[in-house]
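Here's the structure, in structure tokens; my notes come after.
The values are calculated or read from the model by the stated rules, or taken from the named source; none is laboratory data. Computed from a prediction, not measured in an experiment: that's the story for all the values here. We place every Cβ from the backbone using ideal geometry, glycine too, and count neighbours over all the protein chains shown. SASA here: full protein model, heavy atoms, side chains in, ligands and nucleic acids out. Shrake-Rupley method; radii C 1.70, N 1.55, O 1.52, S 1.80 Å.
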Amino acid sequence: MKHLTIACAVLACACADAAAPAIEKRIDALLARMTLEEKVGQLVQIGSGDFASGDVEKGPLDSHVVNAVVRGEAGLLISCCGIKKYNQLQKMAVEESRLGIPIMLGHDVIHGCRTVAPIPLGLSCAWDEDLWRGLAETFAVEARTRGIDWTFAPMLDVSRDARWGRIAECAGQDPFLASRYAASMVRGFQGDNPADGRHVAACLKHYVAYGACEGGRDYNTVELSDDTLRNVYLPPFEAGVRAGALTVMPAFHVMNGLPCSANPYLLRTTLRGRFGFEGMTVSDWGSVGELVPPRHGMYANLADAAAGAINAGMDVDMMSNAYRRHLVERVKAGVVKANVLDEAVRHVLRVKFALGLFEHPYADEKLLEKLDLKKHAEQMRVAAQRSVVLLKNEKRTLPLKRGTRVVLMGELGDNPSEMLGTWQTWDVPGENAALLAGLRADGVDVVYAPCYTMTGAVDVVAVTAAATNADLVVATFGELCGWAAAMNGENTSRADIGLPGEQDKVVEALRATGRPFVAVLFNGRPLAIPELADACDALVEAWNPGSSGGWGVADVMTGLAEPTGRLTVDFPHKTGECPLYYNRLETGRPWVDGDRWTTRYVDAPSPGRSLFSFGFGLSYTTFAYANEKAAVDGDKVVFTADVTNLGGRTGEEVVQVYVRDVVACVSRPRRELKGWQRVKLVGGETKSVRIEVPVSRLGFWHAGTRVAGEGEFNAWIAPDSDRGRLLTFNLGGAR
Ligand code: GLC
């Protein structure tokens, strides 16, 4: 009873741990009264009968769902059915089912519900744990207004391959930053007390290494060394468990030959054994049913798949009906032991207790009117500001100067729903969601000339004419994210991550006009855009910025807000360079420009040089670093530097600490992020920045053993993963 104990204890009463035995006793008592069928019912998750689109309150309850709830055949539901229906179904569970065990309702509230933040990849570029936690608190309370008490978030898949469409949903490519993101989101979603009716159960997904799918193709196979699994892909999940996450969702794919849904090494040895997880595991949609031929082919039939999954440690079966149809018989046949079944049910009941559902099963139908959605919209606007990464700004093109006559071009310049990004199951009316509205709200003299769509033909004449009649062009580029034509999000892997459609023609047409142009990217992944990056005068990475996103992006473009975002992924020059990531090994032949025999591509700039690197982002001012030092002080290494704002306007720098273990028992990455600090400086101001890194953070896993960092290290206190003065320190010990 480790981390969930804290969650449960904090929930049930102030005195930590005093409640955990009390809850366990209540679970024991329930288990003693439950029939085999009722126990299996607690492990079954079915659809709520609605799949949220618009106002889900309309229409009758689904009789299939009602019967399953009243008979205790489905203890968990998925997909928002609206708060009134949730309460009606909950009332049936509590008052009409034999034991009155409440249901739970899960839904993908990934980056917003009634207001929407930028996609998680954009949020990760804020490098701000307080911002992340605060947003998750808002997502949670808004979810509760729709009767949702469990979200399938945060998504913690480290992703190094931009071809994978779900990179949009993750916190980038670095395990340390993703770990901080994980803990912040869990604490935000669950709060100190998930039973307070304003928080939800979090769900760490997709456990694990889903982002390492071969070819960046969704659902595809993953083959990883145990070292890489432990050093790169598991840390965010461990961080989420230690933050008290109540649920974990194993992924669809095969990991080293075993599907994650039936992988005891992942589900029992690692998740329960190493991390001490005591909450509930839930399969991804239908994945237990995917264990049989012609799919994974782990088990001959659904009955064996049900037994195999629960024996491997899968508590809840989402939507495959394997448990519902076959688990009772598999237990009676002795293929699933009673204690294995009881343990899975115990995990589910623990989460329901942790959510306070036994004491307060009903959602507060008046909660929505207690919320200040304008305040939430403002929070989403700030989140959009903080997610923007300024990638280029020649001739001080930005911020826009007052009185400049601007023409805004492209479909994404005035398309509010396309600003919401992947996983938006409600059509959220945003406040100045579109860039056009945002620019106008910020007083920009702007006309809109659509000229082209993301996938259709380009009216080059219109582009040229519109550009000629304006002082400055703001041209929008990127990907579509609406469900119908989504180019990022689930199962939207792209074999070519250049600009879709004929957008390249827009780039060349604008280059030919010679007019200054700002390119604004609305996308869910790094794109291979060397031509655009070269042709434009300024390049704004806006991601999918959310329901107040256009406003937030306009705030940065006009200078009302500073550009403070920093990339959490590398941008390649060409798709063929994927997977591309900063924390790679050097190889025996690290790239040297012009040296024929060092690692490179003959038809692309060497892997030694990304188009834009992890940690990179510009400000409207510039910063200088001086007196950088790395000093070992007992069980920590202290990094200090003097950072000066050289410009005339206030700016915010993200000071980053990278290390390299120079000599180790295995080859170690050329750089690894080990700490960062945001520092705000007025023009001309200097601050001494101090970042402490525990020595324990400098170790790594090899052959199942945690190896302590020893000997000489290179280090950098830097503005991104490419720059910084080389420092060294020595941890002593034999190397
Ligand atoms: C989907 C996704 C997962 C989501 C689940 C429930 O297929 O893989 O991220 O939480 O199903 O919607």
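More than 16 Å from the ligand (Cβ to nearest atom), more than 30 Å from His253 (Cα to Cα) and open to solvent by 50 Å² or more (accessible area, probe 1.4 Å): is that true of Thr476 in this structure?
On the way: more than 16 Å from the ligand (Cβ to nearest atom): yes; more than 30 Å from His253 (Cα to Cα): yes; open to solvent by 50 Å² or more (accessible area, probe 1.4 Å): no.
No; evaluated as a whole, the condition is false for this residue.
Can you name the number of the only condition in (1) open to solvent by 10 Å² or more (accessible area, probe 1.4 Å); (2) on the phi > 0 side of the Ramachandran plot that Gly313 fails?
(1)
Which one of these is in contact (Cβ under 8 Å) with a residue 40 or more places away in the chain and in contact with a strand residue (DSSP E or B) (Cβ under 8 Å, 6 or more places away or on another chain): Val232, Val222, Val248?
Values: Val232 fails: in contact with a strand residue (DSSP E or B) (Cβ under 8 Å, 6 or more places away or on another chain); Val222 fails: in contact (Cβ under 8 Å) with a residue 40 or more places away in the chain.
Going through Val232, Val222, Val248 in turn, the sole match is Val248.
All but one of (1) in a helix (DSSP H, G or I); (2) farther than 21 Å from Leu349 by Cα hold for Arg324; state the number of the condition that does not hold.
So the condition that Arg324 fails would be (2).
Quick check, is Arg609 under 32 Å from the mean Cα position of the chain (by Cα), open to solvent by 80 Å² or more (accessible area, probe 1.4 Å) and under 25 Å from Lys674 (Cβ atoms)?
Details: under 32 Å from the mean Cα position of the chain (by Cα): yes; open to solvent by 80 Å² or more (accessible area, probe 1.4 Å): yes; under 25 Å from Lys674 (Cβ atoms): yes.
In short, yes.
Which of the residues that make up the range 185-209 are open to solvent by less than 10 Å² (accessible area, probe 1.4 Å) and assigned to a helix (DSSP H, G or I)?
Taking the range 185-209 first, the residues open to solvent by less than 10 Å² (accessible area, probe 1.4 Å) are 185-186, 188-190, 194, 200-209.
Of everything in the range 185-209, those that are open to solvent by less than 10 Å² (accessible area, probe 1.4 Å) and assigned to a helix (DSSP H, G or I) turn out to be Met185, Val186, Gly188, Phe189, Gln190, Pro194.
Which residue, of Leu258, Leu368, is at pLDDT 95 or above and either touching a strand residue (DSSP E or B) at 6+ places or on another chain (Cβ under 9 Å) or closer than 20 Å to Thr151 by Cα (or both)?
Details: Leu258 fails: either touching a strand residue (DSSP E or B) at 6+ places or on another chain (Cβ under 9 Å) or closer than 20 Å to Thr151 by Cα (or both).
Sole residue among the options that is at pLDDT 95 or above and either touching a strand residue (DSSP E or B) at 6+ places or on another chain (Cβ under 9 Å) or closer than 20 Å to Thr151 by Cα (or both): Leu368.
Identify the residue in the range 127-141 that is of a type in the set (D, E, K, R) and free of Cβ contacts under 8 Å to residues at least 60 places away in the same chain and, among all such residues, is farthest from the ligand (Cβ to nearest atom). If you could, list the steps in order and put the result at the bottom.
Start the filter on the range 127-141 by keeping residues that are of a type in the set (D, E, K, R), which leaves 128-130, 133, 137.
With free of Cβ contacts under 8 Å to residues at least 60 places away in the same chain added as a condition, the list becomes 129-130, 133.
On the way: Glu129: 23, Asp130: 26, Arg133: 21 Å.
Among those that are of a type in the set (D, E, K, R) and free of Cβ contacts under 8 Å to residues at least 60 places away in the same chain, it is Asp130.
Taking the range 629-655 as the region of interest, how many residues are out of contact with any helix residue (DSSP H, G or I) (no Cβ under 9 Å at 6 or more places or on another chain), of a type in the set (D, E, K, R) and open to solvent by 20 Å² or more (accessible area, probe 1.4 Å)? Walk me through it before giving the result.
From the range 629-655, those out of contact with any helix residue (DSSP H, G or I) (no Cβ under 9 Å at 6 or more places or on another chain) are 629-631, 633, 638-655; that's our starting set.
Okay, now just the ones that are also of a type in the set (D, E, K, R), so 629, 633, 642, 649, 652-653.
Still in the running and open to solvent by 20 Å² or more (accessible area, probe 1.4 Å): 629, 633, 642, 649, 652.
The number of residues fulfilling the criteria is 5.
Is it fair to say Ala495 is over 27 Å from Ala126 (Cβ atoms), in contact with a Cys (Cβ under 8 Å, 6 or more places away or on another chain) and open to solvent by 10 Å² or more (accessible area, probe 1.4 Å)?
On the way: over 27 Å from Ala126 (Cβ atoms): yes; in contact with a Cys (Cβ under 8 Å, 6 or more places away or on another chain): no; open to solvent by 10 Å² or more (accessible area, probe 1.4 Å): yes.
No, not satisfied.
Being open to solvent by 10 Å² or more (accessible area, probe 1.4 Å), at pLDDT 95 or above and in a loop (DSSP other than H, G, I, E, B) is the filter here; which residues of the range 711-735 pass it?
Pro719, Asp722, Arg723, Gly724, Arg725, Leu726, Leu731
Results for (1) at positive phi; (2) open to solvent by 10 Å² or more (accessible area, probe 1.4 Å); (3) not basic (Lys, Arg), shown as yes or no for each residue.
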| site | (1), (2), (3) |
| --- | --- |
| Val335 | no, yes, yes |
| Lys370 | no, yes, no |
| Thr397 | no, yes, yes |
| Met409 | no, no, yes |
| Asn415 | no, yes, yes |
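Those residues that are open to solvent by 20 Å² or more (accessible area, probe 1.4 Å) and not in a loop (DSSP other than H, G, I, E, B), I need them from the range 345-368; list them, please.
Taking the range 345-368 as the starting set, the residues that turn out to be open to solvent by 20 Å² or more (accessible area, probe 1.4 Å) are 346, 358-360, 362, 364-366, 368.
If the condition is that a residue be open to solvent by 20 Å² or more (accessible area, probe 1.4 Å) and not in a loop (DSSP other than H, G, I, E, B), then Arg346, Leu368 are the ones that fit.
Looking only at the range 372-395, count how many residues are assigned to a helix (DSSP H, G or I) and either open to solvent by less than 50 Å² (accessible area, probe 1.4 Å) or not charged (D, E, K, R) (or both). It would help to see each step written out before you state the result.
Step one: list which residues in the range 372-395 are assigned to a helix (DSSP H, G or I), which gives 373-387, 394-395.
Subset that is either open to solvent by less than 50 Å² (accessible area, probe 1.4 Å) or not charged (D, E, K, R) (or both): 373, 376-377, 379-387.
Residues flagged as assigned to a helix (DSSP H, G or I) and either open to solvent by less than 50 Å² (accessible area, probe 1.4 Å) or not charged (D, E, K, R) (or both) within the range 372-395 amount to 12.
Give the residue, chosen from Ala195, Ala183, that is in contact (Cβ under 8 Å) with a residue 60 or more places away in the chain, under 14 Å from the mean Cα position of the chain (by Cα) and away from the ligand (no atom under 16 Å from the Cβ). Let's see the steps before the verdict.
Working: Ala195 fails: under 14 Å from the mean Cα position of the chain (by Cα).
Being in contact (Cβ under 8 Å) with a residue 60 or more places away in the chain, under 14 Å from the mean Cα position of the chain (by Cα) and away from the ligand (no atom under 16 Å from the Cβ) holds for just one of Ala195, Ala183, which is Ala183.
When you check Met314 against the structure, is it touching a Pro at 6+ places or on another chain (Cβ under 7 Å), touching a residue at least 40 places away in the same chain (Cβ under 8 Å) and within 16 Å of the ligand (Cβ to nearest atom), yes or no? Steps first, please.
Values: touching a Pro at 6+ places or on another chain (Cβ under 7 Å): yes; touching a residue at least 40 places away in the same chain (Cβ under 8 Å): yes; within 16 Å of the ligand (Cβ to nearest atom): yes.
So Met314 fits the description; yes.
When the range 673-704 is examined, which residues are found to be closer than 21 Å to Leu646 by Cα and open to solvent by 60 Å² or more (accessible area, probe 1.4 Å)? It would help to see each step written out before you state the result.
Quick first cut of the range 673-704, residues closer than 21 Å to Leu646 by Cα only: 676-690.
Listed by number, the residues that qualify are Gln677, Lys680, Val682, Thr686, Lys687, Ser688, Arg690.
Just to be sure I understand, how many residues within the range 142-179 are part of a loop (DSSP other than H, G, I, E, B), within 15 Å of the ligand (Cβ to nearest atom) and over 30 Å from Lys375 (Cβ atoms)?
Total meeting the criteria: 3.
Mind checking which residues of the range 541-584 are open to solvent by less than 10 Å² (accessible area, probe 1.4 Å) and acidic (Asp, Glu)?
Glu541, Asp555, Asp570, Glu577
Suppose we filter the range 93-111 for residues that are surrounded by 17 or more Cβ atoms within 10 Å (Cβ to Cβ) and farther than 27 Å from Leu135 by Cα; how many remain?
If we filter the range 93-111 for residues that are surrounded by 17 or more Cβ atoms within 10 Å (Cβ to Cβ), which is where we start, we get 93-94, 97, 101-111.
When the remaining residues are screened for being farther than 27 Å from Leu135 by Cα, the result is 93-94, 97, 101-102.
Within the range 93-111, residues that are surrounded by 17 or more Cβ atoms within 10 Å (Cβ to Cβ) and farther than 27 Å from Leu135 by Cα number 5.
In the range 88-125, how many are more than 16 Å from the ligand (Cβ to nearest atom) and either assigned to a loop (DSSP other than H, G, I, E, B) or hydroxyl-bearing (Ser, Thr, Tyr) (or both)? Even if it seems obvious, please write down each step before you answer.
Our first condition is that a residue be more than 16 Å from the ligand (Cβ to nearest atom); within the range 88-125, this holds for 88-103, 114-118, 122-125.
Next cut, either assigned to a loop (DSSP other than H, G, I, E, B) or hydroxyl-bearing (Ser, Thr, Tyr) (or both) only: 96-103, 114-115, 117-118, 124-125.
Of the residues in that region, 14 qualify.
Could you count how many residues in the range 544-594 are closer than 30 Å to Val663 by Cα, within 25 Å of the chain's Cα centre (by Cα) and without any contact (Cβ under 8 Å) to a residue 60 or more places away in the chain?
So the count comes out to 1.
Select from the range 62-87 the residues that are in contact with a Ser or Thr (Cβ under 9 Å, 6 or more places away or on another chain) and charged (D, E, K, R) and write down the one among them that is farthest from the ligand (Cβ to nearest atom).
Per the stated criteria, the residue is Arg71.
Tally time: how many residues in the range 256-294 are open to solvent by less than 10 Å² (accessible area, probe 1.4 Å) and within 15 Å of the ligand (Cβ to nearest atom)? Don't jump to the end; show me each part of the working.
Step one: of the range 256-294, the residues open to solvent by less than 10 Å² (accessible area, probe 1.4 Å) are 259-263, 266-267, 270-271, 275-277, 279-283, 287-288, 291.
Narrowing further to those that are within 15 Å of the ligand (Cβ to nearest atom): 259-261, 280-283, 287-288.
Looking only at that region, the number is 9.
Conditions first: (1) open to solvent by less than 50 Å² (accessible area, probe 1.4 Å); (2) touching a residue at least 40 places away in the same chain (Cβ under 8 Å); (3) assigned to a loop (DSSP other than H, G, I, E, B). Cys665 passes all but one, so which condition is the exception?
If we test Cys665 against (1) open to solvent by less than 50 Å² (accessible area, probe 1.4 Å); (2) touching a residue at least 40 places away in the same chain (Cβ under 8 Å); (3) assigned to a loop (DSSP other than H, G, I, E, B), just (1) comes out false.
Residues checked against (1) over 28 Å from Cys113 (Cβ atoms); (2) outside the structural domain of Met318 (by TED's automatic domain parsing); (3) at pLDDT below 95; (4) of a type in the set (A, V, I, L, M):
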residue: Asp192; (1), (2), (3), (4): no, no, no, no
residue: Gly197; (1), (2), (3), (4): no, no, no, no
residue: Asp218; (1), (2), (3), (4): no, no, no, no
residue: Val232; (1), (2), (3), (4): yes, no, no, yes
residue: Gly240; (1), (2), (3), (4): no, no, no, no
residue: Ala251; (1), (2), (3), (4): no, no, no, yes
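Out of all the residues in the range 213-235, which are of a type in the set (D, E, K, R), outside any helix (DSSP H, G or I) and open to solvent by 30 Å² or more (accessible area, probe 1.4 Å)? Reasoning before the result, please.
In the first step, residues of the range 213-235 are kept if they are of a type in the set (D, E, K, R); the result is 214, 217-218, 223, 226-227, 230.
Next, only the ones that are outside any helix (DSSP H, G or I) stay: 217-218, 223.
Listed by number, the residues that qualify are Arg217, Glu223.
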